[in-house]
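Trainee: What follows is a structure written as structure tokens; I'll ask about it next.
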Amino acid sequence: MRKIAIALLLAALAAPVLAAAPADMDARIGALLSQMTVEEKLGQLQQLDGEANGEARAEHFDLARKGLLGSTLNVRGAKRTNELQRAALQSRLAIPILFAFDVIHGYRTIFPVPLGEAASFDPAQAETDAALAARETRASGVRWTFAPMVDIARDPRWGRIVEGSGEDAYLGSAMARARVRGFQGADYSAGDRVAACAKHWAAYGAAEAGRDYSTAEVPERTLYETYFPPFRAAVEQGVATFMSAFDSLNGVPCTANTWLMRGVLKGDWGFPGLVVSDYTSVHELMAHGVAADGADAARLALNAGVDMEMVSRDYVTNGAALLAQGKISQAELDEAVRRVLRVKFLAGLFDKPYAEEAAEDAIVSMNGDSRQAAYDAAVKSFVLLKNENNALPIPPGVKNLLLVGALADDQAALMGSWTGDGKAEDCITVLQEFRAKSAERGIRLTYLYAAGPEASEKDDILAAVKAAKRADYVVAVLGEGPNMSGEAASRSDLSLPGRQLELLKALAATGKPVALALMSGRPVDLNWPAANIPAIMQAWFPGTMGGPALADALFGTVQPAGKLPLSWPRSVGQIPLYYNHLSTGRPADPGNKYSSKYLDAPNTPLYPFGHGLTYMPFELNDLRVSASSIAPSGTVSVSASLSNKGSVRADEVVQLYLQDTVASVARPVRELKGFERVTLEPGQSRRVEFKLGPSELGFYGADLKYRVEPGEFRVWVSTSSEGGLQGSFNVAH
Ligand code: GLC
């Protein structure tokens, strides 16, 4: 009986949040379907790409006037979208075009890259950022963003790790929900919202060897436990659309994967929205070796449940013949069109097909509140990895400050990859802000390019060493170039690129205090800096306001409190490396040769998931577990008291981990099941409480059924995935 209770509870939790549908929507869709020709239906399933600068192509107008263009990507700008929309509304049935664009971490105002935003452990901030991005996006005539990217990634060689929320399903799910809420609000027909897109369905981040577009082989149970939850969270939050992934999953390309699309997503989860393929991923079914030609590719993808084809044209080219041959059914074709029309209705396109051209500039203009939000988000994204003897913040007594590194003076780099319509000239660099702050403080600032992500004739390590010898303090802004992560940017070697490590070693050799501010889209090899540089701040790619935010964090004007959303490996040899691993039958034991470990390196990461220091000392104590034993359907409260022992207001991220010690399948040694970013005044204490129930205590068994099993659960309240206050409770039989 109890299991039924749990199942009913979980089913209730799972019901997707539906946007407010126009009352007559289904009737209007039915009426349109009954009038549409096969060619018009196939046209609705076609998305074509515009120019990179946002211009539509001449062909788009021809197709639009015939009612044969369902959607575009990249076409943007209120005037441009209106012009193409007018052509579409001249067509026989006047079905509006759905304009899409990759607004991954900002449209014109660029927020930290998603991995950095996840490091804030602040979903409310992520929601704010997405809402501001939606406002600018909608003002530009775009009604659909291909975000959030919710792929879990355990392999930092994979360049797209920068676009997601890291390695953990719980954090990834919280960020997925927040971003969908931000983009869509409660009703994405509203004048400042857009349809969102959970991508890439599925397990794209499990790319073999970290190579983008590579094969993913993931056991189903691991899919349900690790890779699916952020997608499920997006569905429960009412995400309008999904995107099929490029990869093959267990031998079946996702874009032809009926189990993924019609089985799990549209069947089990009841997803009512549309699935768009990734860029030519329908046509790529031939390269995968599962389709003999374009017609076969179209048949496979349509039958699998991919509703719209992005850029390649196998649906419109072959759909009529496939229908005539009975290789796709009228019902499947109509269902795909119905889903596309539903999203267009829910986006308000039939009632409000146009953008307000007069309003665009005022909204997409980097005005006060979006810059402020970008600054706040950047500050929250920074992770203080190391701070020996409080080397940071820059001591107030510093009179001669040396700033080195190409990235300190690189506006475009601040935006990272997927920069939307962001403009480098909008970005304020670290150097610009250091100049302002040094002037205020009477500091003599010297800046040298010295070295950057690309070795160049501008490299001049000797000059940097000479300048360091005259300085009291050195800040090195080093890292990856913005295009060394993101799509098609996997790296087999995680070293600091160019001659940057050589520069760092030379600076350290001067004996002057050196702080490293790192900009990167992934963990890079920090073994030498971790052993030799007193302070290291991870800044990811912090966006339009990254310069002022990072300068304020380095000078101590603001308090860093970010945490790692992934495990930071010591070397590529450890990958895949993630904190919520299984124990194995022979857990690593330094005293036992015959245990699971390397001869030449520790198993542990250089910096663990959830790690991040603060300038202010915080204390956690007084762990309380509300019950020693609960029923499988019961809940338990776990809490601890957090105190700010420092001298200024600061944040700390309190994390709740648990371990199901004995279960029918091996369970991770720790799993994040709660977190809260807490702001405390100096001297203030606050109890932080987490509720644990079936949603947190359960897992998918070998039979893929979700359950809570009896036994002992260990819990930790901590500020990292290591250590913390430990307690336990039992789930009774
Ligand atoms: C790209 C990416 C996808 C993006 C799409 C449209 O190849 O895989 O994330 O949304 O094409 O730009």
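Trainee: With the structure loaded, tell me whether residue 577 is in contact with a strand residue (DSSP E or B) (Cβ under 8 Å, 6 or more places away or on another chain) and part of a loop (DSSP other than H, G, I, E, B) or whether it fails that test.
Mentor: no
Trainee: Another one. Return the pair list, or none, for Cβ contacts closer than 6 Å from residues in the stretch 19-45 that are in contact (Cβ under 8 Å) with a residue 40 or more places away in the chain to residues that are among the charged types (D, E, K, R) and assigned to a helix (DSSP H, G or I), at least 6 apart or on different chains.
Mentor: Filtered contacts from the stretch 19-45: 29/338; 33/334.
Trainee: Answer yes or no as to whether residue 145 is at pLDDT 95 or above, β-branched (Val, Ile, Thr) and within 16 Å of the ligand (Cβ to nearest atom). Can you show your working first?
Mentor: On the way: at pLDDT 95 or above: yes; β-branched (Val, Ile, Thr): yes; within 16 Å of the ligand (Cβ to nearest atom): yes.
The answer is yes for residue 145.
Trainee: Only one of 190, 174, 233, 256 is out of contact with any strand residue (DSSP E or B) (no Cβ under 9 Å at 6 or more places or on another chain) and more than 16 Å from the ligand (Cβ to nearest atom). Can you tell me which? Break it down stepwise before answering.
Mentor: On the way: 174 fails: out of contact with any strand residue (DSSP E or B) (no Cβ under 9 Å at 6 or more places or on another chain); 233 fails: out of contact with any strand residue (DSSP E or B) (no Cβ under 9 Å at 6 or more places or on another chain); 256 fails: out of contact with any strand residue (DSSP E or B) (no Cβ under 9 Å at 6 or more places or on another chain).
When all the criteria are applied, what remains is 190.
Trainee: Taking the stretch 192-207, which residues are under 19 Å from residue 166 (Cβ atoms) and in contact with a Ser or Thr (Cβ under 8 Å, 6 or more places away or on another chain)?
Mentor: Let us first name the residues in the stretch 192-207 that are under 19 Å from residue 166 (Cβ atoms), namely 198-207.
Matches in the stretch 192-207: 198, 200, 201, 207.
Trainee: Looking at the stretch 699-714, can you tell me whether even one residue there is aromatic (Phe, Trp, Tyr) and over 29 Å from the mean Cα position of the chain (by Cα)?
Mentor: Restricting attention to the stretch 699-714, the residues satisfying the condition of being aromatic (Phe, Trp, Tyr) are 699-700, 706, 713.
Those still in the list that are over 29 Å from the mean Cα position of the chain (by Cα) too: 713.
For the stretch 699-714, residues aromatic (Phe, Trp, Tyr) and over 29 Å from the mean Cα position of the chain (by Cα): present.
Trainee: Continuing with the same structure: Got at least one residue in the stretch 283-291 being at pLDDT 95 or above, under 30 Å from residue 26 (Cα atoms), hydrophobic (A, V, I, L, M, F, W, C) and away from the ligand (no atom under 14 Å from the Cβ)?
Mentor: No, because not a single residue in the stretch 283-291 is at pLDDT 95 or above, under 30 Å from residue 26 (Cα atoms), hydrophobic (A, V, I, L, M, F, W, C) and away from the ligand (no atom under 14 Å from the Cβ).
Trainee: Got a sec? Which of 54, 70 is within 16 Å of the ligand (Cβ to nearest atom) and farther than 22 Å from residue 419 by Cβ? Steps first, please.
Mentor: Working: 54 fails: farther than 22 Å from residue 419 by Cβ.
The unique qualifying residue is 70.
Trainee: Then there is this: Quickly run through the stretch 284-334 and pick out the residues that are closer than 16 Å to residue 43 by Cα and free of Cβ contacts under 8 Å to residues at least 12 places away in the same chain.
Mentor: Across the stretch 284-334, the qualifying residue is only 330.
Trainee: Going residue by residue through the stretch 644-654, is there one that turns out to be closer than 30 Å to residue 269 by Cβ, among the polar types (S, T, N, Q) and in contact (Cβ under 8 Å) with a residue 24 or more places away in the chain?
Mentor: Looking for residues that are closer than 30 Å to residue 269 by Cβ, among the polar types (S, T, N, Q) and in contact (Cβ under 8 Å) with a residue 24 or more places away in the chain, one finds none in the stretch 644-654, hence no.
Trainee: In the stretch 496-538, which residue that is polar (S, T, N, Q) and touching a helix residue (DSSP H, G or I) at 6+ places or on another chain (Cβ under 7 Å) is surrounded by the fewest Cβ atoms within 10 Å (Cβ to Cβ)? I'd like the intermediate steps shown before the answer.
Mentor: The initial filter retains those residues of the stretch 496-538 that are polar (S, T, N, Q), namely 500, 510, 520, 527, 532, 538.
Remaining after also requiring touching a helix residue (DSSP H, G or I) at 6+ places or on another chain (Cβ under 7 Å): 510, 532.
Numbers: 510: 18, 532: 13.
Out of the qualifying residues, it is 532.
Trainee: Also: With the condition kept exactly as written, say whether any residue in the stretch 661-668 is crowded, with 20+ Cβ neighbours inside 10 Å and not assigned by TED's automatic domain parsing to the domain that holds residue 119. Reasoning before the result, please.
Mentor: Step one: filter the stretch 661-668 for residues crowded, with 20+ Cβ neighbours inside 10 Å, giving 667.
Those left that are additionally not assigned by TED's automatic domain parsing to the domain that holds residue 119: 667.
Looking for residues that are crowded, with 20+ Cβ neighbours inside 10 Å and not assigned by TED's automatic domain parsing to the domain that holds residue 119, one finds at least one in the stretch 661-668, hence yes.
Okay, residues lined up against (1) assigned by TED's automatic domain parsing to the domain that holds residue 522; (2) surrounded by 16 or more Cβ atoms within 10 Å (Cβ to Cβ); (3) touching a Gly at 6+ places or on another chain (Cβ under 9 Å); (4) without any contact (Cβ under 8 Å) to a residue 60 or more places away in the chain:
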{"site": "583", "(1), (2), (3), (4)": "no, no, no, no"}
{"site": "591", "(1), (2), (3), (4)": "no, no, no, yes"}
{"site": "596", "(1), (2), (3), (4)": "no, no, yes, yes"}
{"site": "599", "(1), (2), (3), (4)": "no, no, no, yes"}
{"site": "607", "(1), (2), (3), (4)": "no, yes, no, no"}
{"site": "612", "(1), (2), (3), (4)": "no, yes, yes, no"}
{"site": "628", "(1), (2), (3), (4)": "no, no, no, no"}
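The values are calculated or read from the model by the stated rules, or taken from the named source; none is laboratory data. None of the values given here were measured: they were computed from a predicted structure. Cβ: placed from backbone, ideal geometry, glycine included. Neighbour counts: every protein chain shown.
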